[in-house]
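Structure first, commentary second.
The values are calculated or read from the model by the stated rules, or taken from the named source; none is laboratory data. Just so it is clear, the model here is predicted, and its values are computed rather than measured. In this analysis, Cβ positions are derived from the backbone assuming ideal geometry, glycine residues included, and neighbour counts consider all displayed protein chains.
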Amino acid sequence: MKDDWETPSPRAREVIRKGAEQALDPKAEWLDELFDAVRHASGTSPAHVDPVLEDGARRANLSNLLHWAAANIQRPGARVSANLSPELLESVRDMVRRDLDEKALDIWRLGQNVAWRRWMEICFGLTSDAGVLHEVLALTSRSIYTFIDDTIDAVSEVMRQERRELSQGTHSERLTTVSLILEGAPVSRSSAESRLGYHLTGSHLAAIIWGNDVTGDQLEQAAEQVLAAAGTARRLTLLATGSSMWLWLPVSTAPRTEDLEAGLAAVPAVRVALGRPRSDLDGFRQSHLEAAAVQRMMARLGTSRRAGGYTDAQLVALLSQDVGRADEFVADTLGELACADPVLHLTLRTYLDQQCNAARVAERLYTHRNTVVRRLARCDELLPRPLAHDPVSVGAALHLLSWSGPKE
């Protein structure tokens, strides 16, 4: 680290210290802006198609911000050492496991641009002295950009070391093979089967298992629950990141998500997304892409459900691409019903699923038909428009609500 670092004046040091104290406790809108700038930037999508990588990027950017701020509280204006925090390194290792290279670290430069704009707002609010402000901004501009450069340099070496370690085992070969299949590249079936140790003929059901701050043992425990629910002992397993696992099971029928929900009660932090059983090499790919769509949907909506299958969630996955507009659709369509007793939601959703047959609803919900009729009448009172005017929209809104939870 070079020694030619300018020492700020006492007044500039005080402004930097006070500003860093504010940055160390960032407002929620600052963090949203910081992450959205990265997530929506062109060329960064490979690091964000997976909710686990997305969460890792969020943690890494927050870690960079807090590391720089904490350093400037202790030594205002001094050069900040590279950030090698556990949160950041775990995110980096996940990138390597997903075959991303050092170019993926450019997302941090996008984050630094947002942080710089917010930092200038803080500084302008702390002093009106033009001379002090000029000194503070000149020094901290260099500080922030140098800090990110130093961190990227240090982390790049960590990535190279991690890549060397992975290349010594079978993980790299299996990941490369699976990535080629998922990209639709021409792959020799026999060669792929040899590398994966898994037959690519017949039916395949893909599952994605993940969670925040979960251990490998928890992922494995959840995988065993998926196997038990699917009625098989055979699987192909790929550790996608430190907190997510990809599975393929040679079965032609998907397990019921209700059964998985019960089985996953012992590992509540873990979530499971399922595709549909598909055939042969293309089915191997399609089932995983379906599971990935369900995973993204569950992460977007922050659902409390532990398991989701593509068959049940396909409509919701499509409708929830824009969460804000989806919430608006639910509110406009359901009105006061959106905040009503979830029993009413379940009754009306089941009524629509059962082709508006109250007797079948009573049978499915193990209740009296008259109770069903009373609940349906109450739903009609709460809806902004009678159910008969647009049952399709009401049904879609109820399915969205069943995944995202009641609105307050």
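Out of all the residues in segment 81-98, which are crowded, with 21+ Cβ neighbours inside 10 Å and under 30 Å from Leu133 (Cα atoms)? Matches in segment 81-98: Asn83 only.
Return the only residue of Leu139, Leu110, Leu175 being surrounded by 17 or more Cβ atoms within 10 Å (Cβ to Cβ), modelled with pLDDT under 90 and under 25 Å from Ala69 (Cα atoms). Spell out the reasoning first.
Values: Leu139 fails: modelled with pLDDT under 90; Leu175 fails: under 25 Å from Ala69 (Cα atoms).
Matching residue, one of Leu139, Leu110, Leu175: Leu110.
Glu224 meets the conditions (1) touching a Phe, Trp or Tyr at 6+ places or on another chain (Cβ under 8 Å); (2) closer than 17 Å to Leu260 by Cα; (3) free of Cβ contacts under 8 Å to residues at least 60 places away in the same chain in every case but one. The failed one is (1).
Tallying residues that are touching a residue at least 12 places away in the same chain (Cβ under 8 Å), surrounded by 16 or more Cβ atoms within 10 Å (Cβ to Cβ) and over 37 Å from the mean Cα position of the chain (by Cα) within segment 333-377 yields 2.
Of everything in segment 193-222, what is among the small types (Gly, Ala, Ser) and in contact with a strand residue (DSSP E or B) (Cβ under 6 Å, 6 or more places away or on another chain)? Give them in sequence order. Spell out the reasoning first.
Taking segment 193-222 as the starting set, the residues that turn out to be among the small types (Gly, Ala, Ser) are 194, 197, 202-203, 206-207, 211, 216, 222.
Once the filter is applied, which keeps residues that are among the small types (Gly, Ala, Ser) and in contact with a strand residue (DSSP E or B) (Cβ under 6 Å, 6 or more places away or on another chain), segment 193-222 yields Ser203, Ala206, Ala207, Gly211, Ala222.
Scanning segment 120-130 turns up no residue that is assigned by TED's automatic domain parsing to the domain that holds Leu34, farther than 15 Å from Ser243 by Cβ, touching a His at 6+ places or on another chain (Cβ under 8 Å) and not in a helix (DSSP H, G or I). For Lys103, are the conditions met, namely being in a helix (DSSP H, G or I), basic (Lys, Arg) and modelled with pLDDT of 90 or more? For Lys103, the condition - in a helix (DSSP H, G or I), basic (Lys, Arg) and modelled with pLDDT of 90 or more - is not met. Answer yes if at least one residue in segment 380-390 is under 33 Å from the mean Cα position of the chain (by Cα), assigned to a helix (DSSP H, G or I), in the same structural domain as Cys339 (by TED's automatic domain parsing) and under 30 Å from Tyr310 (Cβ atoms), and no otherwise. Checking segment 380-390: not a single residue is under 33 Å from the mean Cα position of the chain (by Cα), assigned to a helix (DSSP H, G or I), in the same structural domain as Cys339 (by TED's automatic domain parsing) and under 30 Å from Tyr310 (Cβ atoms).
Of all the numbered requirements in (1) in contact with an Asp or Glu (Cβ under 6 Å, 6 or more places away or on another chain); (2) not assigned by TED's automatic domain parsing to the domain that holds Ala262, Gly242 misses one, and that requirement is (2).
Out of Val272, Val267, report the one residue that is closer than 16 Å to Asp50 by Cβ and either surrounded by 18 or more Cβ atoms within 10 Å (Cβ to Cβ) or of a type in the set (A, V, I, L, M, F, W, C) (or both).
Details: Val267 fails: closer than 16 Å to Asp50 by Cβ.
The conditions single out Val272.
When each of Gly263, Gly242 is tested for being small (Gly, Ala, Ser), at pLDDT below 95 and under 26 Å from Glu173 (Cα atoms), the lone residue that passes is Gly242. Using the structure shown, decide if Leu182 is at pLDDT 85 or above, in contact with a His (Cβ under 9 Å, 6 or more places away or on another chain) and under 19 Å from Val294 (Cβ atoms). Yes: the conditions hold for Leu182.
One line per residue, one yes/no per condition, for (1) assigned to a helix (DSSP H, G or I); (2) modelled with pLDDT of 90 or more:
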{"residue": "Trp5", "(1), (2)": "no, no"}
{"residue": "Asp32", "(1), (2)": "yes, no"}
{"residue": "His67", "(1), (2)": "yes, yes"}
{"residue": "Ala70", "(1), (2)": "yes, yes"}
{"residue": "Leu84", "(1), (2)": "no, yes"}
{"residue": "Leu89", "(1), (2)": "yes, no"}
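Each residue in segment 67-98 was checked for being closer than 16 Å to Arg160 by Cβ and over 17 Å from the mean Cα position of the chain (by Cα), and 4 of them qualify.
Going through (1) part of a helix (DSSP H, G or I); (2) free of Cβ contacts under 8 Å to residues at least 60 places away in the same chain; (3) more than 26 Å from the chain's Cα centre (by Cα) one by one, Gln314 falls short only on (3).
Against the definition (touching a Gly at 6+ places or on another chain (Cβ under 8 Å) and either among the aromatic types (Phe, Trp, Tyr) or without any contact (Cβ under 8 Å) to a residue 60 or more places away in the chain (or both)), how does Trp119 come out, yes or no? Lay out the reasoning, then the answer.
Numbers: touching a Gly at 6+ places or on another chain (Cβ under 8 Å): yes; either among the aromatic types (Phe, Trp, Tyr) or without any contact (Cβ under 8 Å) to a residue 60 or more places away in the chain (or both): yes.
Spelling it out, Trp119 is indeed touching a Gly at 6+ places or on another chain (Cβ under 8 Å) and either among the aromatic types (Phe, Trp, Tyr) or without any contact (Cβ under 8 Å) to a residue 60 or more places away in the chain (or both).
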